[in-house]
Amino acid sequence: MTLRRLPDNIVNQIAAGEVVERPASAVKELVENAIDAGATKIDVVMREGGRTLITVTDNGKGMSAAELELCFERHATSKLPDDDLVYIQNLGFRGEAIPSIASVSRMTITSRNAKDENAWTLSVDGGRAGAQEPVGAPQGTRVEVRDIFFATPARLKFLKTIRSEFGAALDVIRRLAMAYPAIAFTLSDEKRVALRVNAAQGDLFEAWLDRLGAIMGREFSDNSIRINADRDGVKLSGYAGVPTFNRGNATKQFMFVNGRPVRDKLFTGAVRGAYMDLLARDRHPLLALFLEVPADQVDVNVHPAKAEVRFRDAGGVRGLIVGGLRHALAEQGHRASSTISGQALGAFQAQPMPLPFQSGRQNTNHGQWRNDAVGAMSQTLSDHGNAYQAPLSPPGQPQAPGSQLSPVQQAQAQELQAYPLGAARSQLHETYIVSQTSNGLILVDQHAAHERLVMERMKKQLAEKEVARQILLLPEVVELDEVAANRIAERAEELSEMGLVLEPFGVGAIVVRETPAMLGECNVKGLVQDLADDLGELDTALALKDRLDDVCATMACHGSVRAGRRLNVDEMNALLREMEITPHSGQCNHGRPTYVELQLSDIEKLFGRR
């Protein structure tokens, strides 16, 4: 077969195969054109998932008759005024979208700019253009795409269900709507409106948060923190969810580079690194980050659909994302997700009080029993002055349920209630601390909370290279399988820097001589066994300091206050005060919440007081 030049319609269809993968791809290209045209309102309608009809209507600057005819030509664009692919300031720049879509569908474009008295319309059927006609229409552009892929039936067979195709387009518009809060967007299927967001006004950060809340849910607005960082001319902004507000997948993570929605492995890895010691490995945070990079520092021309970018200084960008997220998360201190409180309140359900039952005889005097019970309760409240308050025990003493508070204790309790985590009142099941605040109550998991505190202390000491050790009176021998023992022995020097001094003790055994002092009396055998398991999962080429969070989390778990340990009031209050000043104390090392806060107004609603 001799070499030949392909006809234009085949060239356009090949380009369509790269650019227009499905109806959602066409929607993306057309909406991006509308954004580049300066539109403040964009309406999208799809029929049968875009198979039979896609319309995109905007109020942008529009096109003249000459521009309308030229836009169907390949590589005709208004977005490269100086023919420079380095300084790209728009979402589109190749000039392939319109001719590619037109080559596989029946497309009609109606457009009018501010200078023309009327609009112009032009139709193209499978790449064959008709004649222009004048029509009446407002300023802006309306694009109709009918029977997409009719000219390439093979591609049509690979489309998914109507719901799937519509869902893909919805995801595309949501991403663009997040990046451009000053533009109003709607998406409908001619029967219902799936997305409607109004143009935001005012401060950019507030506009972003309003738009993100409208798309990702109001819970995100309530449980997100503001991100604002910059380094070497690169600026990072946006919002990220607190660690306890997470999901089982990463579908709610969005990244934008110079206003362009992208999916990038560098971004995914940076987010995982920032939340490494705050979330379990199978949980993912919710966030939307906006990166502003100088045009000559990023290449947006590395993917046919412009879904990926390449940074000149990838390491610097990754460091900015990790550092910006970690700094913002650390500033939140002990903050935890508000959704946890809602879930806790939802678990409370009013249940009817069962009537007393005595085996062997029928209880027929229910009314008399109720009167006696009410009388006894009234007498009890009267004895306590109708102002009963949960007792606080003296320092170092267990709680005495019947004791009264002294004036000094009452003043101390009142003062402690003003703290964010309040004053300790009691301990439930020797596991949970009940604390009273000025406007509600807090329930703390003592083991999870202390686990985070120990880990943060250990990380701080390691950073300062001052890990205090304690010598075991009797060195402990831990038996492992030979492979695990060798794995631990190979890392003995690095573990020593972390306060754990050990050495081989024959085949398949390790002897531990010193442990980190902050762990106190810990289960040495369990600690070494868990470390051996962790080291088996880590990359052997990485130094332990590169996996610092994983190792610290394992050690901290063994050095924390255990569930089932009885604490006195001073110990409980000391734990609450340290939580308030410790970064990330709102979640344990596995990403679970350390406390639940219930507002007094919500508690009153449970009892019908509101």
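The values are calculated or read from the model by the stated rules, or taken from the named source; none is laboratory data. Predicted, not measured: the structure shown is a model, and the values here were computed from it. Here the Cβ positions follow ideal geometry from the backbone for every residue, glycine too, while neighbour counts run over all protein chains shown.
State all residues of segment 121-158 that are of a type in the set (A, V, I, L, M, F, W, C) and buried (at least 19 other Cβ atoms within 10 Å of the Cβ); if no residue qualifies, say none. Before you say what the answer is, go through the steps one by one.
To start, the set of residues in segment 121-158 that are of a type in the set (A, V, I, L, M, F, W, C) comprises 122, 124, 129, 131, 135, 137, 143, 145, 148-151, 154, 156, 158.
Within segment 121-158, Leu122, Val124, Val143, Val145, Ile148, Phe149, Ala151 qualify.
Yes or no: Val467 modelled with pLDDT under 90, part of a loop (DSSP other than H, G, I, E, B) and in the same structural domain as Thr582 (by TED's automatic domain parsing)?
Spelling it out, Val467 is indeed modelled with pLDDT under 90, part of a loop (DSSP other than H, G, I, E, B) and in the same structural domain as Thr582 (by TED's automatic domain parsing).
Scan segment 50-74 for residues that are of a type outside the set (A, V, I, L, M, F, W, C) and touching a Ser or Thr at 6+ places or on another chain (Cβ under 7 Å) and jot them down.
Passing the criteria: Asp58, Asn59, Gly60, Gly62.
Is it the case that segment 227-249 has a residue that's without any contact (Cβ under 8 Å) to a residue 40 or more places away in the chain, out of contact with any Ser or Thr (no Cβ under 6 Å at 6 or more places or on another chain) and hydroxyl-bearing (Ser, Thr, Tyr)?
Here is the first cut: in segment 227-249, the ones without any contact (Cβ under 8 Å) to a residue 40 or more places away in the chain are 247-249.
Add one more test, that the residue is out of contact with any Ser or Thr (no Cβ under 6 Å at 6 or more places or on another chain), and what stays is 247-249.
Okay, now just the ones that are also hydroxyl-bearing (Ser, Thr, Tyr), so none.
Scanning segment 227-249 turns up no residue that is without any contact (Cβ under 8 Å) to a residue 40 or more places away in the chain, out of contact with any Ser or Thr (no Cβ under 6 Å at 6 or more places or on another chain) and hydroxyl-bearing (Ser, Thr, Tyr).
Just to verify a result, which residue in segment 36-71, among those that are part of a loop (DSSP other than H, G, I, E, B) and in contact with a helix residue (DSSP H, G or I) (Cβ under 8 Å, 6 or more places away or on another chain), is farthest from Thr141 (Cα to Cα)? Working first, answer last.
Within segment 36-71, the first condition is being part of a loop (DSSP other than H, G, I, E, B), and the residues that meet it are 37-40, 51-52, 59-64, 71.
With the extra rule that they be in contact with a helix residue (DSSP H, G or I) (Cβ under 8 Å, 6 or more places away or on another chain), the set shrinks to 51, 60, 71.
Numbers: Arg51: 21, Gly60: 7, Cys71: 12 Å.
In this case the residue turns out to be Arg51.
Within segment 235-256, is there a residue that is at pLDDT 90 or above and among the β-branched types (Val, Ile, Thr)?
no
I need the full set of residues from segment 188-210 which are of a type in the set (Gly, Ala, Ser) and either at pLDDT 85 or above or part of a helix (DSSP H, G or I) (or both), in order please.
Ser188, Ala194, Ala199, Ala200, Ala207
Just to be sure, is Leu176 more than 17 Å from Glu48 (Cβ to Cβ), in the same structural domain as Asn59 (by TED's automatic domain parsing) and under 20 Å from the mean Cα position of the chain (by Cα)? I'd like the intermediate steps shown before the answer.
Working: more than 17 Å from Glu48 (Cβ to Cβ): yes; in the same structural domain as Asn59 (by TED's automatic domain parsing): yes; under 20 Å from the mean Cα position of the chain (by Cα): yes.
Yes; evaluated as a whole, the condition is true for this residue.
Considering each residue of segment 444-468, count those that are surrounded by fewer than 16 Cβ atoms within 10 Å (Cβ to Cβ) and either in contact (Cβ under 8 Å) with a residue 12 or more places away in the chain or in contact with a helix residue (DSSP H, G or I) (Cβ under 6 Å, 6 or more places away or on another chain) (or both), and give that number.
2
Can you go through Gly269, Gly316, Gly367 and tell me which one is modelled with pLDDT of 90 or more, outside any loop (DSSP other than H, G, I, E, B) and of a type outside the set (A, V, I, L, M, F, W, C)?
Gly316
What pairs can you find where one residue is in segment 1-28 and under 26 Å from Leu170 (Cα atoms) and assigned to a loop (DSSP other than H, G, I, E, B), the other is polar (S, T, N, Q) and at pLDDT 65 or above, and their Cβ atoms are less than 8 Å apart, with a gap of 6+ or different chains?
Val20/Ser100
Name the residues in segment 262-297 that are of a type outside the set (A, V, I, L, M, F, W, C) and out of contact with any strand residue (DSSP E or B) (no Cβ under 7 Å at 6 or more places or on another chain), would you?
Across segment 262-297, the qualifying residues are Arg263, Lys265, Thr268, Gly269, Arg272, Gly273, Asp277, Arg281, Asp282, Pro294, Asp296.
Regarding segment 520-535, can at least one residue be identified that is closer than 15 Å to His450 by Cα, modelled with pLDDT under 85 and surrounded by 15 or more Cβ atoms within 10 Å (Cβ to Cβ)?
Taking every residue of segment 520-535 in turn, at least one turns out to be closer than 15 Å to His450 by Cα, modelled with pLDDT under 85 and surrounded by 15 or more Cβ atoms within 10 Å (Cβ to Cβ).
Just wondering, is there one or more residues in segment 162-175 that are in a loop (DSSP other than H, G, I, E, B), of a type outside the set (D, E, K, R) and within 30 Å of Leu212 (Cβ to Cβ)?
no
Here's the yes/no breakdown for (1) within 24 Å of Val262 (Cα to Cα); (2) modelled with pLDDT of 90 or more; (3) of a type outside the set (Ser, Thr, Tyr):
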| position | (1), (2), (3) |
| --- | --- |
| Gly17 | yes, no, yes |
| Ala26 | yes, yes, yes |
| Ala34 | yes, yes, yes |
| Lys41 | yes, yes, yes |
| Arg51 | no, yes, yes |
| Ile54 | yes, yes, yes |
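Considering only segment 234-248, I want to know if a residue exists there that is over 14 Å from Val317 (Cα atoms), assigned to a strand (DSSP E or B) and among the hydroxyl-bearing types (Ser, Thr, Tyr). Steps first, please.
The initial filter retains those residues of segment 234-248 that are over 14 Å from Val317 (Cα atoms), namely 238-248.
Cutting the leftovers down to assigned to a strand (DSSP E or B) gives us 238-241, 246-247.
With among the hydroxyl-bearing types (Ser, Thr, Tyr) added as a condition, the list becomes 239.
Among the residues of segment 234-248, at least one is over 14 Å from Val317 (Cα atoms), assigned to a strand (DSSP E or B) and among the hydroxyl-bearing types (Ser, Thr, Tyr), which makes the answer yes.
Identify all residues within segment 211-229 that are in a strand (DSSP E or B) and either under 14 Å from the mean Cα position of the chain (by Cα) or of a type in the set (A, V, I, L, M) (or both); write none if there are none.
Within segment 211-229, Ser224, Ile225, Arg226, Ile227, Ala229 qualify.
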